[in-house]
1. Non-local amide H neighbours of A:V207 (under 5 Å, H modeled in plane, Pro and chain starts lacking H): which ones?
2. Where a ≥ b ≥ c are the square roots of the eigenvalues of the C-alpha gyration tensor, would you call chain A rounded, which needs a/c under 1.5, or, failing that, prolate if a/b is larger than b/c, or oblate?
3. Which listed residue (B:S228, B:Y69, B:H23) has the Cα farthest towards the positive end of the charge dipole for chain B, taking +1 on Lys and Arg C-beta and -1 on Asp and Glu C-beta about the Cα centre?
4. Give, rounded to the nearest 20 debye, the magnitude of the charge dipole that the protein assembly as shown has about its Cα centre when Lys and Arg contribute +1 at Cβ and Asp and Glu contribute -1 at Cβ.
5. A:R57's amide H: which non-local residues (gap 5+, or another chain) put their own amide H closer than 5 Å, with H modeled 1.01 Å from N in plane and none for Pro or chain starts?
6. Could you give the size of the charge dipole of chain B about its Cα centre, using +1 on the Cβ of each K and R and -1 on the Cβ of each D and E, expressed in debye and rounded to the nearest 20?
7. Using θ = phi - 60° and the Karplus form 6.51 cos²θ - 1.76 cosθ + 1.60, what ³J(HN,Hα) does each residue of the stretch A:288-301 get, whole Hz, x for Gly and Pro?
8. Could you work out the mean count of beta carbons from other protein chains within 10 Å of each residue's beta carbon in B:91-101?
Amino acid sequence: MPDGPAIEIEDLRKRYRGLEALEGISLRVEQGEFFGLLGPNGAGKSTTLGILTGLVRRDSGRADVLGLDVEKHYRTVRRYIGLATQEFNFDRFLPIEDLLTYQGGYFGLSRSRARGRARELLDLFGLTEKRRETIRSLSGGMKRRLLIAKALVHEPPIIILDEPTAGVDVELRHMLWSMLEDLNRKGTTVLLTTHYIEEAEALCKRVSIIDHGRIVTTGSPAELIARETAGTIEITLDGPLTSVPPELASFGPEIDGARLSLQVREPSRRLGEALAVLQRNGQLIHDVRMREANLEDVFIHLTGHPIEGRDGQS
Amino acid sequence: MANPELTTPPLRRGYDPTGLLAHYRRECHRFFRLWRQTLFPPVLTATLYILVFGKSLGSQIREVDGFPYIQYIFPGLLIMGVINNAYANVATSLYVARTELFIQDLLTSPLSYFEMVLAYIGGSVTRGLTVAMMTAVVGFLLTGTLPAHPFLFLITIFCVALLFASLGTIAALWATSWDNVNMFVHFIITPLTFLGGVFYSINMLPEPFRTASQFNPIFYVINAVRYSILGKSDVSYGLAMALLAPLAFAGFAFCVHLFRIGYRIQS
């Protein structure tokens, strides 16, 4: 397999009838990485994946997979990628085993090898009992698993998943997460889009936050939280506080009667320092609460709105 | 670090037709699986036409161009089945794949756009040829007709199926509803087929209908097939094929172009 980044995008632009879906995004995903594109519906995540996989034509910019341009070398590039789309896109007249077998054939697997691989995946995803049935007899969770199985038929070195856990229950979500982590441990590069903060934090080594067709920031979840937002330390004192000790001025203090709120990066590391200052100033501490920042805070800090419900969706 | 063992099947040296054949098989599997809806009806329709128009009404009609009426209409009946089935196969399959989004499986696969079209149209042509062969057997049993020029018969049927499969592909890409898909059949193909001389020779028509018929492309299709089966037709076989064959291949090339530019299949 070629060296270099698994995916490299530079100044990628796409416009749909006057609507700027991508306004020049750039990102780089290394081989073997677990990378997330985090953003609300309509942010440009699916368009980006569509350009990489051949479902959307870019207007301008560069999009390479393993060093090859996705349009110029589309046949080779598509062999390297397995795609699980957000929508269910199945032929509802075919038994699911045949569906996976044909999918394997598209990627160059012989009939017997494709059939064998289909059975292996149906077993892995707990769908063996349904193998001769069509999609109509599958539950939503089963269809979601089948979508991912379809992406894995040809054992691609890169898998791209568009909202892989949208609409699934917690149990299945955790099962899919562990499956994706396992694949990644074995060397598969994973690029997923999600608007679930918890998913991005739990799975992704690095995340790009995307909003209104622009990459707002990129980094590991911990880095982004430390770099972009503060957590909260909330201290309740024995009596009302009239003034804040000057040593705590840099903690972004806010007083509300006996309650003192401090906004700091990495609050767990700064807690001891804050308590020591208060004790030195003769304050008796009644209660302490602490909330670490999360990616949601990063998102709100950088975009000015929460990730979910921006346009009334999700 | 990426695991070097985790690679998709390597590209074979030279041309690898596995993907093309997989989709072609899928297309054929679809209509063979649904044979009651796809293969049986056109043969039954041709049989009924032969029985009604040939055996009963035909006995009241004098010979046409030296052939009993039942034999004269048989090539037209056969090609009607080919036209409708070659068109319908890809029109249905591709339209459903488009609207139910599973065409994405094909579009994200390593097949070239040429191969995608070849597999779709190949399936349609296969269905057209299958219907032709089945109808030919029925025609032989009921009318005793065998193709006078078997090789020309095959070439002609192939070109007709290719032309109408290409038209079906264009319709499936363009259509925004089932009505659009069927519109081609109801308002273009069926009227032109009936007016193209399935049931009569244009020598039987008065002017200006005789001249007008020569502007109907299906007139040439029917006459090319009639020549290959009966050895006689209203226009020369060479002229009919000189129009039909380039049109069929141009239609195919246009379909490849539409896939290549992503017409209504990519955004």
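1. A:G36, A:G219, A:S220
2. It comes out prolate by the Cα gyration axes.
3. B:H23
4. Computed charge dipole of the protein assembly as shown: roughly 2560 debye.
5. B:S267
6. About 260 debye.
7. Each residue of the stretch A:288-301 in turn: 10, 10, 9, 10, 6, 6, 10, 5, 4, 5, 4, 4, 5, 4 Hz.
8. Mean inter-chain Cβ contacts per residue within 10 Å come to 2.
Bear in mind that the values in this text are calculations on the coordinates, not laboratory data. The structure presented is a predicted model; accordingly, all values stated were derived computationally and were not measured. Every residue, glycine as well, gets a Cβ built from its backbone with ideal geometry; the counts of neighbours run over all protein chains shown.
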